[in-house]
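The values are calculated or read from the model by the stated rules, or taken from the named source; none is laboratory data. Quantities reported herein were computed from a predicted structural model and do not represent experimental measurements. Cβ: placed from backbone, ideal geometry, glycine included. Neighbour counts: every protein chain shown.
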Amino acid sequence: MSNGTRPSEEQLKYASILQIVSLSGLAILILGFLVYIFGVLPTIVPVNKIPEYWGLRVHEFVEKTGMPTGWKWFVLLNHGDMVSFLGIALLAAATVVCMLVVLPLFMKKKDTPYVIILLIQIVVLVLAASGLITGGH
């Protein structure tokens, strides 16, 4: 670094895990797209039907296609159009994964403020992702 500062152990660990999770998520997205386009697995919405649904509002799309909402996609990973959701979920969870990896480093250092902050952030993000906390919609 030009100003003489060096990244901390926690920053380096966070960055390395973020790179692994991000590249893995991207790889799964690409794989899911290929599985869908080439019809490797059965689909909920066939590729050739996508143009019919393109301009629909979300609730109309879900109604006409039977596409799952919330976490219901997870049990349908045996469908080609659901595989990409795994990559999206992994990318969305990247922050939590990184926080879980660096948490023990802060605990080992007995850095209580950072441990508390990380624990609160992890709990809030997991609750939000679970669907238990909603924005009132």
Problem - region 6-22 residues that are over 16 Å from ASP111 (Cβ atoms) and small (Gly, Ala, Ser), paired with ones that are surrounded by 14 or more Cβ atoms within 10 Å (Cβ to Cβ) and modelled with pLDDT under 95 (beta carbon under 8 Å, 6 or more apart) - result: none
Handout entry: Subset of region 121-137 that is of a type in the set (Gly, Ala, Ser) and more than 16 Å from the chain's Cα centre (by Cα) - its residue that is modelled with the lowest pLDDT
Key = GLY136
Practice task
Could you please tell me which pairs satisfy a Cβ distance under 6 Å, a separation of 6+ or placement on different chains, a first residue in region 98-117 that is at positive phi and in contact (Cβ under 8 Å) with a residue 12 or more places away in the chain, and a second residue that is surrounded by 13 or more Cβ atoms within 10 Å (Cβ to Cβ) and among the small types (Gly, Ala, Ser)?
Solution key: none
Practice task
Scan region 26-43 and report the pairs whose first residue is at pLDDT 95 or above and whose second residue is surrounded by fewer than 12 Cβ atoms within 10 Å (Cβ to Cβ) and polar (S, T, N, Q), with Cβ atoms within less than 7 Å and a gap of 6+ or a chain change.
Solution key: LEU41/ASN78
